[in-house]
């Protein structure tokens, strides 16, 4: 049995991997975007050099990026409307930025410390969502 229907359109699958000695307060506040994707039903089986999959149970199509580990496991997953129309790089990056903002719990007063950047910095950080990679 898959968990595709329970998941939102985009999820960060292994937040513990990304913690890097930093607590992401938004993960517990909005945990539905930070869940594990059931990969047992994916067709084909999860591979590090592949991005487009389909769930063998419900038919949901997915764009999935894997962690850089020996055994493939998803780090980022995004529901796809149609296998023949995978998301663009801009769409993927936009969703990752949204997840970064959610994971940090939003912004705090003060601008990003990158020279010339007008964006607000993420909570607990000195930089904005464009200058800190979360996924």
Structure-based [θ]222 nm, the chain - -39500 (n - 2.57) summed over DSSP H runs of at least 4, per residue, nearest 500: -5000 deg cm²/dmol
Convex hull volume of the chain per residue (C-alpha atoms, cubic angstrom): 117 Å³
Gained length - residue 127 relative to residue 31, 0.36 nm times residue gap less alpha-carbon distance: 32.3 nm
Gain upon complete extension [residue 49, residue 111; 0.36 nm per residue less C-alpha separation]: 18.6 nm
Hydrodynamic radius by Kirkwood, which averages 1/r over all alpha carbon pairs of region 69-135, in angstrom: 13.6 Å
Separation of the residue 70 and residue 119 label points, Cα + 7 Å toward Cβ, nm: 3.6 nm
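Bear in mind these aren't lab numbers, they're just calculated from the coordinates by the rules spelled out. What you are looking at is a predicted structure, and each value in this text was computed from that prediction instead of being measured. Virtual Cβ from ideal backbone geometry, glycine too; neighbours counted across all protein chains shown.
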